[in-house]
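See structure below.
The values are calculated or read from the model by the stated rules, or taken from the named source; none is laboratory data. Bear in mind that the values here come from a model prediction, so they are computed numbers and not experimental data. Quick reminder, even Gly has a Cβ in these numbers, built from the backbone with ideal geometry, and neighbours come from all protein chains shown. Side chains are part of the model used for accessible areas, which takes the heavy atoms of the whole protein and leaves out ligands, DNA and RNA. Shrake-Rupley method; radii C 1.70, N 1.55, O 1.52, S 1.80 Å.
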Amino acid sequence: MTVAVLTFVFTEGAGEHAQKQIAGSYDVSGSVRSLACLGPKIELAQSGRFLTLSNAQSTLGGSLTFKQGRLTGTVHCVGGGSASIDARVAAGALAGTLGGLPVSALLKKEPPEPGAPKPLAPTSLAGEYQLAPSSACVGSKIELSQSGAYVRLVSAKVLRAILLYSKGALTGSVVCKKHEHLAMAGTATGRTVELLTGPLAGGAPGATAKPLERVVATKQRTAENTVVAFFIAVVIVMVFARLCGSVMPRIGQPRVMGEVLAGILLGPTAFGAIAPHLQATIFASDIVPYIGVAANLGLIFFMFLIGLEVDLAQMRGRTRMTFAISNTALLIPFMLGTLAALPLYPLLAPEIRFAAFALFVGVSMSVTAFPVLARIVSERRMLKRPLGSLALSAAAVDDVSAWLLIALATAVAGAGTGVQVLKTIGWAAVFCVGMWLLVRPVLARAAVAYDEAGRIPGTWITAIFAGVLLSAIATETIGIAVIFGAFVMGVVMPRHAGLSDAVTRRVEDFVLVVLLPLFFAYTGLRTNVVLLGRGELVWITLALCAIAIAGKYGGTLIAARVIRLSWRESGVLGALMNTRGLTELIALNLALSLGAISQALFAALVVMALVTTFMAGPLVRALDPRNSFGEEAEEELELALAAAPAAAPAGGAPLHQLLVAPQG
């Protein structure tokens, strides 16, 4: 069935075309009324056919549609009122009508990277700026200081101009290094100021017209200030993630889901909407890349921990049941996801091949968050019960299969031709075999060293951490994600309880408390749920949630009934396998970084991941209110005392006991 569906999908999708990308910053020209409505500069943000119109001052708005080269919709003008736009966009040029009057615009700047703060007009321009290219008038470096509406421009310790600043616009005159008097105008957005210098109006008669000079000034930070700004952002993310995480257990949700929500709230969805200038200051465009690097470091070690948790030995005695559940729970939602990619591709896809887009949409539907599922199973004391063990083993196989699919999707998105894709897949297979046959026996020595010393020696912990990073580098060089290498490193680690516990303790606290919340914040900075405010996108989001639940929950339910589990057992198993959580966010961030999905689709799939994960706990409790599939605390206590008779109190167990379960 999977082969038939994928053959149909990729055959049909081969003839489809995504919308051309026209997003970016445009300089506007046209009639006086058009300029009065749009202003001199506009920003277009695009997700396939859907575009959002804005400006740096946040005084312009509009939800537009782009189809077959034609841009249409309603613009909410700068000074109030609205007008209909109908224009053609091609080769970086926009031309058409706005409210029946001619309008045109030229693309001047490509759109910012996902996660970069929206370009806003800064409230203050004070600071040192580097000019590119160097200005013949004021040189390569300038210093701006501001007092009210007046900005002083100093170059080489000489006052060159006092300019008027209002709502992102600079105007005035400047005295150049050669003592020429020229007009200067500028537009400030974020940490950059675009400066334009030229002859003053009414220059000397007969004077040769001097060409306009256009330069971009970028605000600089010292290395110390950059470090301080980064640390401030880290502290805010860490504390807010802890606060949100502490609320989740009170409503029956895993703490990690609160940290995910914290990241989204710190992004443009909430913080950016309430206090855009403050949000842009804390998460400035030059700080976000550092957050991304730290987030990826945390993600690499977290994926290593996930690989370390995967224990395929749990399948012993239930291999057929495990593969029946995991394969069906993976392939049915994967098929539904790739089928959904057919209508989504012309609507929401960036300019990328259909195969890469369809694979990532299919993967986003089919993953299971093994860490979240394990926490729910642990909290309900289902670890040693048949249903809990089956859920863990099926999720482990599903996790490994999903990461193989993610590696495949990454290879297809990154490679140019079919031959390159096959080459990438071949090298990935060689890497996995090499890790299993060569690295795994070496790591087995770490277990011996642990037994000999009673702890893990420093040399071995260095070797393991270096191995994680080298594995990540290897898979990145091959052409698949860095996280895949770290995951494989975790999978090939020896299954030795003491060693695993020692390595986990060394990594877990710093990764989970500091680095992983930075990944959630990085995800939140790239997630703008406001993009889904249009009716069509709301329906698409709801449809994606329905497809994800039907595929994952329904697929698990079918497989569980086929292997003759009861309806209630099948329902609980389906609810557990339907969790997506962090694994989904990792896959989606990877897809967005590769340009395989658009920002609106990214936001819709993040919403889907949150909905399916949040519903898991309540649904399991609703289907099994008395926890009949888990052990009673008294049973667990009896088993613990039977395993360690010396721990039993002399005179028998008292009537009331308190059982403390360590998290590990």
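Ile461 to Arg621: extension gain in nm, 0.36 nm per residue of separation minus the Cα-Cα distance? Kindly include the intermediate steps, with their values, before the conclusion.
On the way: separation 160, 0.36 × 160 = 57.60 nm, distance 4.06 nm.
Going from the current span to full extension adds 53.5 nm.
Please give the calculated 222 nm ellipticity per residue for the chain, where each DSSP H segment of at least 4 residues contributes -39500 (n - 2.57) and the sum is spread over every residue; nearest 500 deg cm²/dmol?
Values: 23 runs with 345 residues, N = 664.
After summing the helix terms and dividing by residue count, I get -17000 deg cm²/dmol.
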Where a ≥ b ≥ c are root eigenvalues of the Cα gyration tensor, a/c under 1.5 meaning rounded, otherwise prolate if a/b exceeds b/c and oblate otherwise, the chain counts as prolate
Angle, helix 633-643 long axis vs. longest principal axis of the chain, Cα atoms, 0 to 90°, nearest 10?
60
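Taking R0 as 22 Å, what FRET efficiency do you get between Thr218 and Ser58 from their Cβ-Cβ distance, rounded to the nearest 0.05?
Efficiency, rounded to the nearest 0.05: 0.50.
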Inter-label distance, nm, simple model (7 Å from Cα along the C-beta direction), Val154/Thr97
5.4
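Take the cross-link list Lys20/Lys67; Lys41/Lys141; Lys41/Lys108 and give me the ones stretching past 20 Å between alpha-carbons. If you can, show how the numbers build up before the last one.
Details: Lys20/Lys67 9 Å; Lys41/Lys141 25 Å; Lys41/Lys108 10 Å.
Distance filter (> 20 Å) returns Lys41/Lys141.
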Distance from the Cα centre of segment 129-171 to that of segment 178-202, in angstrom?
9
Using the Cα centre of the chain as origin and beta-carbon charges of +1 (Lys, Arg) and -1 (Asp, Glu), tell me which of Ala428, Pro119, Ile251 is placed farthest towards the positive end of the dipole.
Pro119
Using the alpha-carbon atoms, what tilt in degrees (0 to 90, nearest 10) does helix 255-265 show relative to the longest principal axis of the chain?
10
Gain in length, Glu128 to Lys384, computed as 0.36 nm per residue apart minus the alpha-carbon separation, to one decimal in nm?
85.9 nm
Enumerate cysteines in the chain without a disulfide-compatible partner, where compatibility requires another Cys Cβ under 4.7 angstrom.
Cys244, Cys432, Cys545
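Per residue, how many Å² of accessible area does the chain show with a 1.4 Å probe?
On the way: 30200 Å² over 664 residues.
About 45 Å² of surface per residue is accessible.
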Rounded to the nearest 10 Å², the accessible area of Leu159 at probe 1.4 Å
80
By how many degrees, between 0 and 90 and to the nearest 10, does the Cα long axis of helix 599-614 differ from the longest principal axis of the chain?
30
Once R0 is set to 30 Å, what does the formula 1/(1 + (r/R0)^6) return for the Cβ-Cβ distance between Leu106 and Leu164, expressed as a FRET efficiency to the nearest 0.05?
0.70
Report Phe10's accessible area, 1.4 Å probe, all protein chains in place, as a number in Å² to the nearest 10.
70
Taking square-rooted eigenvalues a ≥ b ≥ c of the alpha carbon gyration tensor, is segment 88-189 rounded, prolate or oblate, where a/c under 1.5 means rounded and, failing that, a/b exceeding b/c means prolate?
prolate
Could you work out how much longer the chain between Val442 and Ile473 gets when fully extended? Use 0.36 nm per residue separation minus the Cα distance between them, nm to one decimal.
9.2 nm
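Which whole-number percent gives the relative contact order of the chain, counting Cα pairs below 8 Å spaced six or more residues apart? Before the final figure, lay out each step's value.
On the way: 1178 pairs, mean separation 98.5, N = 664.
Once divided by the residue count of the chain, the mean separation gives 15 percent.
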Towards the positive end of the charge dipole of the chain, with charges on Cβ (+1 Lys, Arg; -1 Asp, Glu), say which of Val419, Leu131, Ala395 has the farthest Cα.
Leu131
How far apart, in nm, are the 7 Å Cα→Cβ label points at Ser82 and Ala550?
3.3
Computed about the Cα centre, the charge dipole of the chain from +1 Lys/Arg and -1 Asp/Glu charges at the Cβ has a magnitude in debye, to the nearest 20, of 1160
Starting from segment 361-409, pick out the trypsin sites (Lys or Arg not before Pro) whose DSSP state is loop and whose Cβ has at most 13 other Cβ atoms within 10 Å.
Lys384
